[in-house]
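A short worksheet on the structure shown next.
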Amino acid sequence: MIPFVNDVIGKKVVRLEYEGYTPMAVSELRKICVTIREKWPDVVGVALFHRLGVVEVAEASVIVAVSSPHRREALEACAFAIDTLKATVPIWKSEQYEGDSRMWKENVEWKDGAAVRSSCCSSKRVMRPVEDK
């Protein structure tokens, strides 16, 4: 395991915390599943899961599973699912750093309102400090 160091601010991430609007998140996840079945009719099964609360470094926060008799369709559907999830599902992440500082990580896909194909470390990501309660 290699700990993630935020390239923007040079601090070691020690955990993530996700918050979401659950009723709307569930509705949006269902819409993604329906759209996948419409776009890829050979898809047999779709499962989408996003954790809320504290997620330790190196633990999975999102699971996307698609079964299909054809690899290409399954991979395309998975890519569509994660891109659309990030663009439409109301879940937000803060990063906790060594020394107890935190920052909310703005998701460029959500901000733009459409799935943007870029790496997870895109320079388009914006960081904002979190004010502790």
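The values are calculated or read from the model by the stated rules, or taken from the named source; none is laboratory data. The structure presented is a predicted model; accordingly, all values stated were derived computationally and were not measured. FYI the Cβ positions are ideal-geometry reconstructions off the backbone, even for glycines, and counts take in every protein chain you see.
One residue stands out in the stretch 84-100 among those that are within 12 Å of the chain's Cα centre (by Cα) and not in a strand (DSSP E or B): the one that is surrounded by the fewest Cβ atoms within 10 Å (Cβ to Cβ), namely P90.
Would you point out the residue of the stretch 61-74, among those that are in a loop (DSSP other than H, G, I, E, B) and touching an Asp or Glu at 6+ places or on another chain (Cβ under 7 Å), that is nearest to E38 (Cα to Cα)? Explain how you work it out, then say what you get.
First, pick out the residues of the stretch 61-74 that are in a loop (DSSP other than H, G, I, E, B): 61, 68-70.
If we keep only those that are touching an Asp or Glu at 6+ places or on another chain (Cβ under 7 Å) as well, we get 68-70.
Values: S68: 13, P69: 16, H70: 16 Å.
Only one residue fits best here, namely S68.
Every condition in (1) touching a strand residue (DSSP E or B) at 6+ places or on another chain (Cβ under 6 Å); (2) at pLDDT below 95; (3) hydroxyl-bearing (S, T, Y) holds for Y18 except the one numbered (2).
Conditions (1) among the acidic types (D, E); (2) under 22 Å from Y21 (Cβ atoms); (3) at pLDDT 95 or above; (4) more than 15 Å from the chain's Cα centre (by Cα), marked per residue:
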{"position": "V44", "(1), (2), (3), (4)": "no, no, yes, yes"}
{"position": "F49", "(1), (2), (3), (4)": "no, yes, yes, no"}
{"position": "L52", "(1), (2), (3), (4)": "no, yes, yes, no"}
{"position": "A58", "(1), (2), (3), (4)": "no, no, no, no"}
{"position": "A79", "(1), (2), (3), (4)": "no, no, yes, no"}
{"position": "R102", "(1), (2), (3), (4)": "no, yes, no, yes"}
{"position": "K105", "(1), (2), (3), (4)": "no, yes, no, no"}
{"position": "V116", "(1), (2), (3), (4)": "no, yes, no, no"}
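Scanning the stretch 18-77 for residues that are acidic (D, E), within 30 Å of Y97 (Cβ to Cβ) and touching a Phe, Trp or Tyr at 6+ places or on another chain (Cβ under 7 Å) returns a single hit, E19. Filtering A77, A81, A25, A58 for residues that are touching a residue at least 40 places away in the same chain (Cβ under 8 Å) and in a loop (DSSP other than H, G, I, E, B) leaves a single hit, A58.
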